[in-house]
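The values are calculated or read from the model by the stated rules, or taken from the named source; none is laboratory data. This is a predicted model, so every value here is computed, not measured. Neighbour counts run over all protein chains shown; Cβ positions are idealised from the backbone, glycine included. Calculation scope for accessible area: heavy atoms of the full protein, side chains included, ligands and nucleic acids excluded. Shrake-Rupley method; radii C 1.70, N 1.55, O 1.52, S 1.80 Å.
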Amino acid sequence: MNDLPEQMRAATDGAPPSRIDLDSFIAREQRRSRLLRWGGASTAATVLVAALLLAPALYAGGGSLTSGLREAVCPTPGPNPTRAASDSASLPAAPSAQECADTVARLSAALRDVLAATAPGRAATPLTETVFVYRPEYAQYDARVSLSGPGGTAVLHVEVSELTEDPPSRVRVCPTTADGDHGCSYEVTTTGAVVFATDFADTAQVHAYREDGTGVMVSVNVPGVTGETRPAGVVAPLTPKQLTDIAQDPGLSLFPGRSPSPRPTRDAAIEDTGSLLTLLLRERLPDGRIALPTTEGTSKTGYRTEVTVDGQGSVSAEMTPPCSGGGCPPPPACPEAGATDCTLRADHSVVTVWDTAGGAVRTVRVYETDGRSVTLRVEGPLVSRLTAERLSVIADELLA
């Protein structure tokens with residue numbers, strides 16, 4: 001999947017000029033898809049293929065790193081400078097030419113050394129002095145190395161960049177569900193780095209969010225595998241441990257020797273609430289096209305999130321926080337006014353269901369004895385698919 005930009009450029013070679021910024025489009029989609037891989041490995045690729053086959057080639061694809069990227073190792077000043085990102089205001093400042101050259105040389109040497117240690121003899125061609133290039137469009141250093149081995153030639157892709165956000169939470173990138181962990185692992189190391197890995201279908205990849213403010217992404221494609229299914233017995237050219245060793249190599253840092261760097265703060269619960277609701281709905285609506293959720297609120301007031309399923313309706317969830325200071329009021333007694341159904345469970349929680357006369361809206365509320373509650377509201381044709389029992393299970397999982 002990670003050599004898709006080169007494939008698409010080659011596929012569209014010779015097309016007429018266009019105003020589409022191919023690189024920016026690819027970067028946005030790839031970055032967005034990395035944190036949503038559990039939602040379907042081929043979804044982002046399908047969107048990219050459909051759009052890029054209609055786009056012109058900004059430059060032709062290639063084989064080796066330097067010939068394939070067809071650009072200077074570092075930004076080029078002068079009358080024809082290397083183009084900057086369209087959203088460059090939100091990216092870290094570009095390095096000076098000398099700083100870039102020094103970093104490229106240092107990162108290239110580090111990658112050569114760690115590859116020699118973790119995957120000796122796997123580089124398909126001898127690595128030259130320059131392995132990395134700086135991509136000002138994305139404010140990151142990129143390297144692509146061809147690897148040889150069983151199954152054919154694979155491409156190792158490494159990105160090194162300055163972190164501009166907190167690492168995602170476990171539930172956002174490695175949710176554990178009834179059918180497993182989706183080939184994903186998540187770890188906070190002894191150094192405080194957050195490392196998560198996925199290994200399935202056509203790609204194995206590792207992300208490392210380091211305490212010094214460096215982000216490293218390492219991925220390798222699985223030769224001959226396409227789509228969301230990897231044939232039995234087929235393995236990635238590098239193991240998750242090898243990829244993790246590369247991602248955590250001390251030399252692949254933008255700030256060697258720097259103490260932990262402060263990061264932007266955000267309310268992880270906002271991300272987790274929307275992501276978890278989306279995941280729970282995907283399990284029950286595998287054929288549904290689910291839009292990215294919108295979530296708002298705070299830990300004191302509670303959270304509200306809403307998910308839209310294309311052509312089928314919407315599901316919203318309102319979560320209230322537990323009461324503080326003890327003496328929590330008990331859940332309301334059954335039956336509640338106007339309720340279709342009300343159940344007092346063995347743990348003393350209460351499940352109440354309201355259905356509109358026309359069947360267009362269903363509301364299920366679960367009250368816990370500690371004052372917490374979840375209210376799920378379904379509108380549209382989804383009402384026929386999300387029974388009161390199913391919704392109460394979803395509410396329990398959101399409260400867990």
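Things to note:
- Among the conditions (1) more than 25 Å from residue 271 (Cα to Cα); (2) at pLDDT below 90; (3) not polar (S, T, N, Q), residue 360 misses just one, which is (2).
- Residues of the stretch 338-396 satisfying the condition of being of a type outside the set (A, V, I, L, M) and in a helix (DSSP H, G or I): 381, 384, 389, 390, 392, 396
- Selection count, the stretch 128-146, where residues are open to solvent by less than 20 Å² (accessible area, probe 1.4 Å), modelled with pLDDT under 90 and over 18 Å from residue 93 (Cβ atoms): 1
- Residues in the stretch 222-254 that are under 20 Å from the mean Cα position of the chain (by Cα), crowded, with 21+ Cβ neighbours inside 10 Å and at pLDDT 90 or above: 243, 244, 246, 247.
- The condition (being under 17 Å from residue 253 (Cβ atoms), open to solvent by 10 Å² or more (accessible area, probe 1.4 Å) and part of a helix (DSSP H, G or I)) is satisfied by just one residue among 109, 116: 109.
- Hits in the stretch 345-389 (condition: over 23 Å from residue 302 (Cβ atoms) and free of Cβ contacts under 8 Å to residues at least 60 places away in the same chain): 346, 355, 356, 357, 358, 359, 360, 384, 387, 389
- Looking across the stretch 337-356, the residues that are open to solvent by 80 Å² or more (accessible area, probe 1.4 Å) and within 17 Å of residue 371 (Cα to Cα) come down to 344, 346, 347, 348.
- The residue pairs whose first member lies in the stretch 286-306 and is hydroxyl-bearing (Ser, Thr, Tyr), whose second member is open to solvent by 100 Å² or more (accessible area, probe 1.4 Å), and whose beta carbons are closer than 9 Å, counting only pairs six or more residues apart or on different chains, are 303/296; 305/296.
- Where residue 371 falls short, out of the listed (1) modelled with pLDDT of 90 or more; (2) surrounded by 15 or more Cβ atoms within 10 Å (Cβ to Cβ); (3) not aromatic (Phe, Trp, Tyr): (1)
- Matching residues, the stretch 357-368, being open to solvent by less than 60 Å² (accessible area, probe 1.4 Å) and either under 28 Å from residue 328 (Cα atoms) or out of contact with any strand residue (DSSP E or B) (no Cβ under 7 Å at 6 or more places or on another chain) (or both): 359, 362, 363, 364, 366, 367, 368
- Unique residue being part of a helix (DSSP H, G or I), open to solvent by 50 Å² or more (accessible area, probe 1.4 Å), modelled with pLDDT under 90 and over 20 Å from residue 217 (Cα atoms) when the list is 89, 84: 89
- When the stretch 296-336 is filtered for residues that are of a type in the set (S, T, N, Q), open to solvent by less than 40 Å² (accessible area, probe 1.4 Å) and within 26 Å of residue 268 (Cβ to Cβ), the ones remaining, listed by number, are 305, 314, 316.
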